[in-house]
1. Of these, A219, A254, A240, A194, which one is at pLDDT 95 or above and over 15 Å from the mean Cα position of the chain (by Cα)?
2. From the residues in segment 47-86 that are of a type outside the set (G, A, S), crowded, with 20+ Cβ neighbours inside 10 Å and in contact with a helix residue (DSSP H, G or I) (Cβ under 7 Å, 6 or more places away or on another chain), which one is farthest from L221 (Cα to Cα)?
3. Considering only segment 26-42, state which residues are among the hydrophobic types (A, V, I, L, M, F, W, C), crowded, with 16+ Cβ neighbours inside 10 Å and either assigned to a loop (DSSP other than H, G, I, E, B) or touching a residue at least 60 places away in the same chain (Cβ under 8 Å) (or both).
4. Only one of P164, P184, P177 is surrounded by fewer than 18 Cβ atoms within 10 Å (Cβ to Cβ), over 16 Å from V281 (Cβ atoms) and under 19 Å from the mean Cα position of the chain (by Cα); which?
5. How about segment 43-90: which of its residues are farther than 30 Å from R308 by Cβ and in a strand (DSSP E or B)?
Amino acid sequence: MTGTPTTRTRPTWPDLPASVRAAVEVRLGAPVTGWTSHDGGYSQGLASTLRTADGSVFVKAVGAEHAFTVGLYREEARRAALLPDGVPAPRFLWSAEIPAAEIPAGAARPDEGWVALAFETHPSRNPRQPWADDELRAVLDLAVAVGEHPVAAGALPAFETELPTDRTRRLADEAPPGLTTYDPWLAQHLGRLATLEEGAPAAVAGSSLVHGDLRGDNALLVDDGPGGVRALAVDWPNAARGAAFCDLVGMLPATQVEGGPAPEEALARRPLPVGTDEDAVTAYLVALTGYFVHSSLQPPPPGIPHVRAFQRAQGEACVAWLRRRLGP
């Protein structure tokens, strides 16, 4: 078998317990003859394209020692099955719960099992870093296209109930020591920002599909004819119903961190949806800023130590963007 080298704590196909591999092969309907691990992203689970005599399938799987990620995978299975028709995303195929009883002694504690999800594969690649202009345009277009899909009330959770909208207030109340490592402008304006954050739930409410975590590592690029490229969105545990602008605004701090343009320049290339309220964008940006800054100051979660540095970088980009929007 072949596969890309493991560059992080994500397991590869041979690392899975034998009975987990066997259970996945039962769902695939054929033995796995090869695998390619996809080592980007910020979760601890398997993320591999598995090859069989019948073709290739993308599978993600995680054991219950990573309880938070197990919850994410279960939620993704539920929400991916509810996405509207025509959403630019690989098709969800199946999910499987593999109980601890099927895992050999020594491979897991008695209360542990595994969760696996499968999706169709496409000849594709992740965007390059730093961003290339055509690839950035494709992912900006993807963010807008996701928001063009209406979602019926109750079909998916409301984004305003999922977005953390109290982190700026918590920074103001707690004044953690690490706050001083950010631009002093942030600490000086936390009171004002916390008030703006109160408007974030209303700002992100709407009837459009929201991916909720769209950025370069959650997008796949597909060559689409001579010189053309289009993008697909992957990883949907946060799929929700909200405002059409949320994914476009939400991806821009990470875009800048990954070598792309500043948010204002990106929006000059791909403007916000018609009718977007600028005050709503500001309120959402305040909530994002509070989330990234507050999260960056917490201990790293098991298995993904690099996530705090990425949150830090996005927090810094958000603070700079807010400062430009709101002034000195």
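The values are calculated or read from the model by the stated rules, or taken from the named source; none is laboratory data. Everything numeric here is computed off the predicted structure, so don't read it as measured data. Cβ atoms come from the backbone with ideal geometry, glycine included; neighbour counts cover every protein chain shown.
1. Details: A219 fails: over 15 Å from the mean Cα position of the chain (by Cα); A254 fails: over 15 Å from the mean Cα position of the chain (by Cα); A240 fails: over 15 Å from the mean Cα position of the chain (by Cα).
After applying the criteria, what remains is A194.
2. Ranking the qualifying residues of segment 47-86, first place goes to V62.
3. L28, V32
4. P164
5. Those that are farther than 30 Å from R308 by Cβ and in a strand (DSSP E or B): L50, R51, T52, G55, S56, V57.
For every residue, the table says whether it meets (1) aliphatic (A, V, I, L, M); (2) modelled with pLDDT of 95 or more; (3) over 17 Å from the mean Cα position of the chain (by Cα).
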position: A53; (1), (2), (3): yes, yes, yes
position: A61; (1), (2), (3): yes, yes, no
position: T69; (1), (2), (3): no, no, no
position: A100; (1), (2), (3): yes, no, yes
position: P104; (1), (2), (3): no, no, yes
position: P110; (1), (2), (3): no, no, yes
position: H122; (1), (2), (3): no, no, yes
position: D133; (1), (2), (3): no, yes, yes
position: P157; (1), (2), (3): no, yes, no
